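Below you'll find the structure, written out as structure tokens, and then a few comments.
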Amino acid sequence: MNILSPEQTAIQAAAKDFVARHIIPKAVEFDKSGAFHSFLLEEAKPGKIFGMAIPKAFGGLDYTPLTQALVLEEWGYGCCGMATTLAASVLSMESVLLAGNDAQKKQFFTPMLNGKIGAFALTEPSAGSDVGGGKTTAVKTAEGYTLHGSKCWITNGGIAEVFTIFAQTDPAKGVKGISAFIVERGTPGFTVGDEEDKLGLRSSNTVFLGLDNVKIPAANLLGKEGDGMKIAMQTLDLARPAIGALAVGLAQRALDECVKLLHEKFPGKPFPGQALQFKLADMKIQIEAARQVLHHMMALREAKLPFSEESAMAKTFGTDVAMNVTATAVRLMGAAGYSSELAKFMRDAKVMQIYEGTNQIQRLVIARAVLSRPKSAAPAEKVLAK
Amino acid sequence: MSSHLTDEQQRIVKSADAFADEFLEPIAADLDRNGKYPKAVIAELAKHDLLGLVVTKSAGGTGAGFTAHVEALQRLSQTCPAVGSIINNHTAASYAISKWGSEAQKTAHLSALAKGQALGAICVYESGAALGLGADALLGTQAGTNIKLNGKKAFVRNAGVADTYLVFATLPADDGKTAISAFIVDAKTTGLSVGVAAQTMGLRGCPVAEVTFENVVLDSAARLGAAKDGAAILSETLSVYALGEAAQTVGIGKAAAKHAAAAAKHRIQFGHPIYSLQAIQTLLAEIASDAHLAWLGIRHAAQLIEDGAPFETEAAIVKSFLGRFGAKLLVDAIQVEGGLGICETAPPHFGGALPLARLFRDLAGTTLLETPADFPEALIAASL
């Protein structure tokens, strides 16, 4: 159990209620169709669902990091596909929070407070784990910047209104030549490709973005030219534990559903054999440990202490635990599990070990922190690029 | 490993490889997508001698044996594990009839099963905690010299497309308790009906459904083995089935290692193919090692079967090992492919076939426990 303030308890209860009413009943249907669950945004608007990371000065709710984690866990408990749409929208704001001026914050946050969606576009066909390998360029013109290139695996890309997009303003400088921009949907030259047909998180929208000489005003540059890599890495530090939080919720759900199926299977027998009891205990140990790694990381963030290493751990451990727990749940429940919602949880968990930086890349981040004392804040990608 | 195979076993291996390339590779992705039973494949499987491997020549099979059977399953499952499941269920039924059938039963069923004129299936699971428990349990009662069956079997593979079901039912025993008996039941028997096929995560194309028995009357000739043999037939049939699933799992693991290694050689990040990274090499090496160790266990158990020696503990060891390491084969392989690994179909800007997501879903189905209470470790512990 967590030791929560009355306010956090109330927010958690509201999130549980939202998930039980709007997400859980629709999860299987939207997993099957892979369609965009636009109804959820209408439901989300009155509760300012994307406002939890927005400062009060801009009309947001400004939840503490731990409170945000509690909400994200509940979303993940309901459906990690739909939760990814919501979470990715929240996370797209982090770059603006980190580097944006007041005008940019207003430009980005206002549509989101009205239930519009945001997206963060960093990855390219040639730049996955190797973030510095991107080929998208931003050329300075008299009016502003012209963006040219492409982005792939962009969560919410097909449904978002506002984007943070990363491009090279000075390709000769490598990672130091990357800059971050706000781009609005509908700008001429901005195109959205077909939606990817994914193994899991199927209701989450994942697309290829084309940027064919997209002209944007100079005012859309976040921070300074060349700040892009720093902004991207700091954004990922903030975003990764959110994935860990969805994963903790998912793993908890898999355990709960597993217990429910067991009671159906063994009516009148509250305690199955020890082999099964121990498996359930191991699931619980892993889930609780992942939750505490996550909450500790959020506490560090709240205390303004360094948290980059803990952020990578929260994502890696949380999603590895979700993978283990969901796969064990399917196996234990046999043929019944294989045709149940447990199978969806397992597919969702697999995708979560990959997106927002593969768990291999997270291990590089963690290993580098372990090997270098005092801790440095440079991204692992840089070390590898040498 | 092929140097340890006899000429006949090598012939079957070649036949399975050719079959996989020619008939399975072109249909595997579609079969997964539409989930329709691939009826046309059955006749081709028979032509390639892949349906009667555990049936002796004199009974109409190839007599190639159990090693040839697991070799073939492993190879076919590298391409299409769903067709592997069709064969595995079919073969489990053929095996039991070969071992415990009377001469009349062998004559009536084995040749047809081996030649693909009839497809076999086993009806084992029930929705209760164990056989004979729960509201829907399949129970048999004596009606003169006949047996009358009433109840339901759950999660029957090849359901609705099989011609010959090997059915396990609970009957009253002499000592006032109950005992398991095995029966050979024709699919067309009055009172037998098949429910709607379930939507499963993977192994799609091998149908799975409930089979309901409503006053199904069987004469005494339908009983397989003696009344006291029922439990042994059930246990051994499930061990044979588990070995088949293990062979499928190893095939899936081998395919995963192959696809992931190819992707790693192709994928350039940080200026080099990621295949050159130690972390990727370690991950691929562990997949190959775990699959190989499981395969040695399967081949050992298969040899014991061919020798007529006890093999169920060895089969349980393989099942236990793959219970711990099986899912990891694909969980890790997909990490190597990253975003592409979790795509069901290749995005146009990447191109190429993407089987790992399908194999991930299939593998989840080849490493299931029969029931939540039935651990292979119990059998292993009992042998110590």
Mind checking which of B:Leu171, B:Thr141, B:Val185 is farthest towards the positive end of the stretch B:122-230's charge dipole, using Cβ charges of +1 (Lys, Arg) and -1 (Asp, Glu) about the Cα centre? B:Val185
Of the residues B:Leu283, A:Leu91, B:Thr249, the Cα lying farthest along the dipole of the protein assembly as shown towards its positive end, which is defined by charges on the beta carbon of Lys, Arg, Asp and Glu, belongs to A:Leu91
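Only bridges with both residues in chain B count here: give the DSSP antiparallel percent, nearest 5.
Numbers: 29 of 34 bridges.
Just about 85 percent of them are antiparallel.
What FRET efficiency, computed as 1/(1 + (r/R0)^6) with R0 = 45 Å and r the Cβ-Cβ distance, is obtained for A:Ala142 and A:Ala57, rounded to the nearest 0.05? Intermediate values should be presented prior to the final figure.
Values: r = 33 Å, r/R0 = 0.74.
The calculated FRET efficiency here is 0.85.
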Which trypsin sites (Lys or Arg not before Pro) does the stretch B:2-57 hold that lie in a coil by DSSP with at most 15 other beta carbons within 10 Å? B:Lys36, B:Lys57
Once you charge only the Cβ atoms, +1 for Lys and Arg and -1 for Asp and Glu, what is the size of the charge dipole of the stretch B:288-374 about its Cα centre, to the nearest 20 debye? 280
Give me the inter-chain shielding for B:238-244: mean count of other chain Cβ atoms within 10 Å, whole number please. 0
Connecting every pair of Cα atoms under 10 Å apart in chain B and solving the GNM, the largest mean-square fluctuation among B:Ile287, B:Ile274, B:Ile86 falls on B:Ile274
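By DSSP, what percent of the beta bridges with both residues in the stretch B:122-230 are antiparallel, rounded to the nearest 5? It would help to have the intermediate numbers written out before the result.
On the way: 27 of 30 bridges.
Beta bridges within the stretch B:122-230, antiparallel portion: roughly 90 percent.
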Highest-MSF residue in chain B out of B:Ala261, B:Ala291, B:Ala40 [GNM, Cα springs under 10 Å]: B:Ala40
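Please state, as a whole number in µm²/s, the translational diffusion coefficient that the Stokes-Einstein equation yields for the stretch A:293-376 at 10 °C and 1.306 mPa s, with Rh defined as the Kirkwood radius across alpha carbon pairs. Kindly include the intermediate steps, with their values, before the conclusion.
Numbers: Rh = 14.2 Å.
In µm²/s, the coefficient is 112.
Count the DSSP beta bridges whose two residues both fall in the stretch A:63-170, then state the antiparallel fraction as a percent rounded to the nearest 5. Spell out each step's value before the answer.
Numbers: 5 of 10 bridges.
Bridges in the stretch A:63-170 are about 50 percent antiparallel.
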Distance in nm between B:Ala18 and A:Asp282 label points, each 7 Å along Cα→Cβ, equals 4.5
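Just tell me how shielded A:195-205 is by partners: mean number of partner chain Cβ atoms within 10 Å of each residue's Cβ, no decimals. Don't skip to the end; give the middle numbers.
Numbers: counts 1, 9, 8, 6, 11, 5, 1, 1, 0, 0, 0.
So the per-residue partner count for this stretch is 4.
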Between the DSSP loop rule and a limit of at most 12 other Cβ atoms within 10 Å, which trypsin sites (Lys or Arg not before Pro) in the stretch B:89-184 are left? B:Lys177
Give me log10 I(q)/I(0) at q = 0.11, 0.16, 0.17 Å⁻¹ for the stretch A:229-385, Debye formula, one equal scatterer per alpha-carbon, no solvent. -0.49, -0.85, -0.92
Would any residue of the stretch A:54-84 have its amide N under 19 Å from a label point 7 Å out along Cα→Cβ of A:Asn101? List them or say none. A:58
Rg and Dmax of chain B, Cα atoms, in Å? 21.1, 79
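Expected output is a single nm value to one decimal: the length gained when fully extending between A:Glu264 and A:Glu43, i.e. 0.36 nm times separation in residues minus the C-alpha distance. What is it? List each step's numbers first, then the result.
Details: separation 221, 0.36 × 221 = 79.56 nm, distance 3.31 nm.
Once the chain is fully extended between A:Glu264 and A:Glu43, it gains 76.2 nm.
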Pairwise centroid distance, computed over Cα atoms, of the stretch B:71-110 with the stretch A:167-238, Å: 55
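Using 0.36 nm times the number of residues separating B:Asn146 and B:Gln117, minus their current alpha carbon distance, what extension gain do you get?
Numbers: separation 29, 0.36 × 29 = 10.44 nm, distance 2.75 nm.
In short, 7.7 nm is gained.
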Most fluctuating residue given options B:Ile12, B:Ile298, B:Ile27, as computed from a GNM of chain B linking Cα atoms under 10 Å: B:Ile27
Distance-filtered residues of the stretch B:82-113 - backbone nitrogen under 20 Å, label point 7 angstrom along B:Lys188 Cα→Cβ: B:105-113
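Mind checking the dipole of the stretch A:229-385: about its Cα centre, +1 per Lys or Arg Cβ, -1 per Asp or Glu Cβ, Debye to the nearest 20? Show your work: numbers first, answer last.
Values: 21 positive and 14 negative charges, 44 e Å.
Dipole size: approximately 220 debye.
About the Cα centre of the stretch B:238-384, how large is the charge dipole given +1 on each Lys and Arg Cβ and -1 on each Asp and Glu Cβ? Please answer in debye to the nearest 20. Intermediate results must be reported in sequence, preceding the final value.
On the way: 10 positive and 14 negative charges, 137 e Å.
Dipole of the stretch B:238-384, to the nearest 20 debye: 660 debye.
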Quick calc: nm separation of the 7 Å Cα→Cβ label points for B:Ala43 and A:Asp17 -> 6.4
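First obtain the Kirkwood hydrodynamic radius of the stretch B:231-382 from its Cα pairs, then insert it into the Stokes-Einstein equation at 10 °C and 1.306 mPa s, and state the resulting D in µm² per second as a whole number.
96
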In square nanometres, what is the average projected area of the Cα convex hull of the protein assembly as shown? 34.3
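Using C-alpha positions alone, give me the convex hull volume of the stretch A:118-227 per residue in cubic angstrom. Before the final figure, lay out each step's value.
On the way: hull volume 10.4 nm³, N = 110.
Residue-normalised Cα hull volume stands at 94 Å³.
FYI, it's all coordinate maths here, none of it is from the lab. It should be emphasised that the depicted structure is a prediction, and the values quoted were computed from it without experimental measurement. Neighbour counts are summed over all protein chains in view; Cβ atoms, including those assigned to glycine, are modelled from backbone coordinates with ideal geometry.
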